[in-house]
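Report on one structure; see the data block that follows.
Each value in this text was obtained by applying a stated rule to the coordinates, not by laboratory testing. Nothing here was measured: the structure is a model prediction, and the numbers come from that model. Reconstructed Cβ throughout: ideal geometry from the backbone, glycine too, with neighbour counts over all protein chains shown.
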Ligand SMILES: Nc1ncnc2c1ncn2[C@@H]1O[C@H](COP(=O)(O)OP(=O)(O)OP(=O)(O)O)[C@@H](O)[C@H]1O
């Protein structure tokens, strides 16, 4: 949604819809999402639980079962139509070009094999003929990058702390030098000190190996400290997109404002946390109007009846709100 003329987009998502069909009732988890991510950019996807962040990532990663989810729209990655290609072709891209770290990625490691051997085996899935010594060197280099010592190579998973295991997962995701990485709550379970360290290492890596990052998180402070752009999702839709600084200091959508007012600030004045009244809507049906209107203190008739389009607030910020950029919002902006 934020477009800069000289920028090359690595990922372009147009009108993406994901409907879970596995149960009696459908779930419209992602609705008409369009967004682009420029090469080298780090983009945070935020929104409360159930807003469709992981589903969006799973669609990009082609990890949704065709039997359980209908995916429509287009996803272009480096000019290639991801949804249009065969799964066999996509598997050539996954891990090599696009990789992912989930919150529980570390659980995928076998408890009875040493870390080094497991990483070596995974490396060979894409490079079956690579020399053992070369692979080991590569893995040790990655360990250094994520601040793990060489001795981890010969340890079993149970001999590592949660933070170390998550660093192993990040090292693993980087094993084929991907140009795009998805981190889905990858640092959420870690203590703040370890999380901060890992985020700093990831940012350093991005400049070293020219990587683009899509980061899914509940934690706005993670976005504030580590991302260039933020996408705010609610009930399967993008509510607001923009540069982190603009969106976090001058939110243009009432949902973003509510989300920001739900987080305490460690710096600056103490403020009353107000949260957002009500709950996420039932996603088993599609309704006209703004999906946030029932929870929005400022909704007018138009909001309840007409689905808002995506309005430009500034060259760096867009908001799907009928009242975008009105004086009314100007007055409500947080400082
Ligand atoms: N496999 C599935 N089958 C049916 N519905 C699903 C499935 N996975 C997710 N959903 C539903 O899709 C909606 C979006 O879920 P999703 O996990 O993408 O949200 P999220 O924003 O990532 O939430 P969280 O932050 O809690 O991970 C929710 O209503 C969820 O219940």
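Any chance you could give the angle, 0 to 90 degrees and rounded to 10, that helix 162-173 forms with the longest Cα principal axis of the chain?
The helix 162-173 is inclined about 80 degrees to the chain.
Compute the FRET efficiency between residue 112 and residue 26 as 1/(1 + (r/R0)^6), taking r as their Cβ-Cβ distance and R0 = 35 Å, and round to the nearest 0.05.
That pair, residue 112 with residue 26, gives E of 0.30.
Cα gyration tensor of the stretch 284-323, axes a ≥ b ≥ c as square roots of the eigenvalues: rounded (a/c below 1.5), prolate (a/b > b/c) or oblate?
Cα axes put the stretch 284-323 in the prolate bin.
What distance in nm separates the two pseudo spin-label positions at residue 201 and residue 188, each 7 Å out from Cα along the beta-carbon direction?
Output for this residue pair reads 2.1 nm.
Any number yet on Rg/Rh for the stretch 102-256, C-alpha, Kirkwood?
1.02
Helix 115-126 versus the longest principal axis of the chain: what angle, 0 to 90°, nearest 10, using Cα atoms?
Approximately 80 degrees, to the nearest 10.
Compute the distance in nm between two label points, each set 7 Å from the Cα along the Cα-to-Cβ direction, one at residue 72 and one at residue 85.
2.4 nm
Could you pull the Rg and Dmax for the chain, using just the Cα atoms, both in Å?
Considering the chain through its Cα atoms, Rg and Dmax are 20.8, 67 Å.
What FRET efficiency do you get for residue 130 and residue 209 if R0 is 22 Å and r is their Cβ-Cβ distance, rounded to the nearest 0.05?
0.75
Which parts of the stretch 138-161 would a label at residue 121 reach, counting a residue when its backbone N lies under 14 Å from a point 7 Å out along Cα-to-Cβ?
Within reach of a label on residue 121: 156-157.
Output the peptides 104-110, 63-69 sorted from most to least packed, where packing is the average of other Cβ atoms within 10 Å over each peptide's residues.
So the peptides 104-110, 63-69, ranked by packing, come out 104-110, 63-69.
Compute the FRET efficiency between residue 218 and residue 284 as 1/(1 + (r/R0)^6), taking r as their Cβ-Cβ distance and R0 = 25 Å, and round to the nearest 0.05.
Using R0 = 25 Å, I get an efficiency of 0.60.
At a 10 angstrom cut-off on C-beta neighbours, averaged per residue, how do the peptides 221-227, 89-95 rank from highest to lowest?
The packing order, highest mean first, is 221-227, 89-95.
Using mean Cβ contacts within 10 Å as the protection proxy, how do 174-183, 239-248 order, highest first?
The densest-packed peptide leads the list: 239-248, 174-183.
Which angle between 0 and 90 degrees, to the nearest 10, do you get for helix 132-145 versus the longest principal axis of the chain when only C-alpha atoms count?
Between helix and principal axis, roughly 40 degrees.
May I ask you to compute the full-extension gain from residue 104 to residue 311, defined as 0.36 nm times their residue separation minus their alpha-carbon distance, rounded to one decimal in nm?
Residue separation times 0.36 nm, minus the Cα-Cα distance, leaves 70.8 nm.
What shape does the stretch 33-94 take by its C-alpha gyration tensor, where a ≥ b ≥ c are the square roots of the eigenvalues and a/c under 1.5 counts as rounded, a/b above b/c as prolate, and the rest as oblate?
Because a/c hits 1.5 or more and a/b fails to exceed b/c, the stretch 33-94 counts as oblate.
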